[in-house]
Amino acid sequence: MDAIDLLRDLASRPRHVADSLRGRLGPLELAAHPGGHPNSVAWLLWHTGREIDVQLAALTGQEEVWARGDFGERLGLGAEGAAVGYGHSPEQARAIEVQDGEALLDYVLATLDALEYYLDELAAFDLGDIVDEAWDPPVSRGARLVSIIDDAVQHLAQASYVLGMPQRD
């Protein structure tokens, strides 16, 4: 197994969690803010898609899935939806309200598709390319891909955890 095969396996894991959310994303579930936290389930899923999408577009030079799939309009998030969510104030996080859980999940899965297609184009030697010199040390393509996938796994797991909590009457 080479490094690309490992990344493919790692990239398949967020898909399994996302698929397990199908049929569990009604308006009440999407609006859940456990403990009053500003990041709702909708925010977690939206952010998962956005962080994959924006960072992948920077690596590929292609248009974001967000624009190609008209997800901004489908999800009704307006200009706020085109952000990524890093550094969101509590008010900005609470502004991410989505009623259509299936459309939100479609977006996340479309970004995961784009990630998998990108991995199919790479060879192991591509992973060492420096893609971001703004950090010390500079970030390689491989490290960026691991970071993208790790963030997706974390946020999808958070959403899954919240959805597994008992609902209060």
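The values are calculated or read from the model by the stated rules, or taken from the named source; none is laboratory data. Since the structure is predicted, the reported quantities are computational estimates derived from the model, not experimental observations. Cβ sites come from the backbone with ideal geometry, for glycine too, and all protein chains shown count toward neighbours. The protein model used for the area step is the full one, side chains on, heavy atoms only, and it has no ligands, DNA or RNA in it. Shrake-Rupley method; radii C 1.70, N 1.55, O 1.52, S 1.80 Å.
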**Report entry** Scan of the range 89-141 for residues that are touching a residue at least 12 places away in the same chain (Cβ under 8 Å), in a loop (DSSP other than H, G, I, E, B) and more than 29 Å from GLU73 (Cβ to Cβ), ordered by number
**Finding:** LEU122, ALA123, ASP129
Query - ALA110 vs. criteria surrounded by fewer than 17 Cβ atoms within 10 Å (Cβ to Cβ), among the aliphatic types (A, V, I, L, M) and modelled with pLDDT of 90 or more - result: no
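Being open to solvent by less than 30 Å² (accessible area, probe 1.4 Å) and of a type in the set (Lys, Arg) narrows it down to one of ARG74, ARG50, so name that one.
Unique residue meeting the criteria: ARG50.
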Query - Residue that is farthest from HIS88 (Cα to Cα) [pool: residues in the range 28-43 that are in contact with a helix residue (DSSP H, G or I) (Cβ under 7 Å, 6 or more places away or on another chain) and either at pLDDT below 90 or assigned to a helix (DSSP H, G or I) (or both)] - result: GLU29
Report summary line: In the set ALA103, ALA124, the lone residue that is of a type outside the set (D, E, K, R) and either within 25 Å of ARG24 (Cα to Cα) or buried (at least 18 other Cβ atoms within 10 Å of the Cβ) (or both) is ALA103
Query raised in the report: Among the residues of the range 117-130, is there at least one that is within 17 Å of the chain's Cα centre (by Cα) and of a type in the set (A, V, I, L, M, F, W, C)?
Result: yes
Report task. With the checklist (1) closer than 14 Å to TYR161 by Cα; (2) open to solvent by 10 Å² or more (accessible area, probe 1.4 Å); (3) among the β-branched types (Val, Ile, Thr) in hand, flag the one item THR60 doesn't pass. Result -> (1)
Requested in this report: Taking the residues in the range 127-169 that are among the hydroxyl-bearing types (Ser, Thr, Tyr) and within 25 Å of LEU45 (Cβ to Cβ) as candidates, determine which candidate is least open to solvent (accessible area, probe 1.4 Å).
Outcome: SER160
